[in-house]
Structures are given as structure tokens and as C-alpha cells.
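Here the structure is laid out as C-alpha cells; the discussion comes afterwards.
Please treat every number below as a calculation from the coordinates, not as lab data. Bear in mind that the values here come from a model prediction, so they are computed numbers and not experimental data. No Cβ is skipped: glycine too gets one built from the backbone with ideal geometry, and neighbour counts run over all protein chains shown.
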Amino acid sequence: MYMAEPIERLVRPALWRGWRRRCPNCGAGPMLRGYLKVRDTCAVCHEELHHHRADDGPAYLTILIVGHLMAPVILWAFATFRPDPLVLASIFSVGCVGLSLYLLPRLKGLMVALQWAKKMHGFGAKG
């Protein structure tokens with residue numbers, strides 16, 4: 001099934017589909033094969049996804065978000081409860097790793113969808 005290419009690609013729906021790790025074009029096909037590997041084409045609408053250049057962007061955004069969310073919580077927890085530093089480090093290490101593992105594929109989908117919506121890196125090329 002081939003979907004006709006719209007003249008303008010809407011950014012917000014594409015970003016939402018990317019966050020859900022779905023094809024930014026149809027929203028039905030999975031964008032990722034495995035944990036972080038982007039499929040070459042969508043299995044449903046056959047949109048080419050191999051043009052993406054996400055590189056280190058998702059990892060950078062993940063570190064930025066996790067750091068900004070967890071740092072104030074760590075400070076608050078230490079000031080309020082005064083736990084043993086090893087206990088604090090153990091609990092928040094698990095929290096940081098868990099949040100990072102949750103955010104990383106979603107932010108990768110978000111970046112690929114943004115590139116698709118803005119027709120960057122060959123996503124807008126015909127042929």
C-alpha cells in the first residue's frame with residue numbers, strides 16, 4: 001500500500017508517532033527493529049527511514065533530561081532523609097539507568113520523526 005506524499009508534513013503528529021516508536025508517515029508500522037536500530041523501510045507504508053542521522057542526539061538528550069530530573073530529586077532526598085551515601089547512590093543509580101533505558105528509544109524515534117517531518121537528510125527526496 002502506497003500513501004500519497006502530502007505537500008507539507010505535520011511536525012506534531014510525526015513527533016507523537018516517533019515518541020511511540022512508530023513510522024512518522026503512517027503511524028502504524030514499527031520504526032525500530034530491536035532496541036535502537038531504525039528499520040530501513042516501514043513494514044506498512046514502505047516509507048524509507050534509512051535517511052536518518054540521529055547519531056548521538058538521542059543519547060545527549062537522554063543525559064540532559066535524566067540529569068535535570070534526577071539531580072534536584074537526589075539533592076532533596078539527601079537533604080530531607082540523610083541516607084547513607086551508598087544507599088542513595090544505589091537507589092538513584094537504578095532510577096537513572098531505568099529512566100535512561102525508557103527515554104533513549106523514544107527520543108531516537110522523536111529525532112528520526114523530526115528529521116522526516118522537516119525533510120532533512122534525504123527524507124524529502126523523490127525517487
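In segment 11-117, what is the volume of the convex hull around the alpha carbon atoms, normalised per residue and reported in Å³?
98
With a cut-off of at most 12 other beta carbons within 10 Å, and DSSP calling the residue loop, which trypsin sites (Lys or Arg not before Pro) in segment 22-73 qualify? Please list them.
Sparse-neighbourhood loop trypsin sites (Lys or Arg not before Pro): Arg53.
Can you list the aspartates and glutamates whose alpha carbon sits under 12 Å from that of Lys108, skipping same-chain ones fewer than 8 residues off?
Partners found: Asp55, Asp56.
Within 10 Å of each candidate Cβ there may be at most 11 other Cβ atoms; applying that plus a DSSP loop requirement, which chymotrypsin sites (Phe, Trp or Tyr not before Pro) in segment 28-118 survive?
In loop regions of segment 28-118 (DSSP not H, G, I, E or B), the sparsely surrounded chymotrypsin sites (Phe, Trp or Tyr not before Pro) are Tyr35.
How much mean residue ellipticity at 222 nm does the chain get from its helices, if each DSSP H run of length 4 or more adds -39500 (n - 2.57) and you divide by all residues, to the nearest 500 deg cm²/dmol?
-18500 deg cm²/dmol, from helical runs alone.
Under the rule of at least 5 residues apart or a separate chain, name every residue whose amide H is placed under 5 Å from the amide H of Thr41.
Correct list: Leu49.
Is any helix in the chain, taking whole DSSP H runs, at least 30 angstrom long along its axis by alpha carbon and on average at least 1.6 on the Kyte-Doolittle scale, and which ones?
Helices passing the filter in the chain: 57-81.
Mind listing the lone cysteines of the chain, meaning no other Cys beta-carbon sits under 4.7 Å from theirs?
Cys96
Pulled fully out, how much extra length does the chain show between Lys37 and Ala59, if you take 0.36 nm times their separation in residues and subtract their Cα-Cα distance?
Length difference between fully extended and current span is 6.6 nm.
Of the options Pro72, Ser93, Gly18, report the single residue whose Cα projects farthest towards the positive end of the charge dipole of the chain (beta-carbon charges: Lys, Arg +1; Asp, Glu -1).
Value: Gly18.
Within 10 Å of each candidate Cβ there may be at most 14 other Cβ atoms; applying that plus a DSSP loop requirement, which trypsin sites (Lys or Arg not before Pro) in segment 77-127 survive?
For trypsin sites (Lys or Arg not before Pro) across segment 77-127 that sit outside H, G, I, E and B with at most 14 neighbouring Cβ atoms in 10 Å, the list reads Lys118, Lys119, Lys126.
Take Val73 and Leu88, extend 7 Å from each Cα along the Cα→Cβ direction, and tell me the distance between the two endpoints in nm.
Computed distance between label sites Val73 and Leu88 equals 1.6 nm.
Check which residues have an amide H placed less than 5 Å from Arg22's amide H, if you skip close sequence neighbours.
Counting only residues 5 or more places away or on other chains, the set is Met31.
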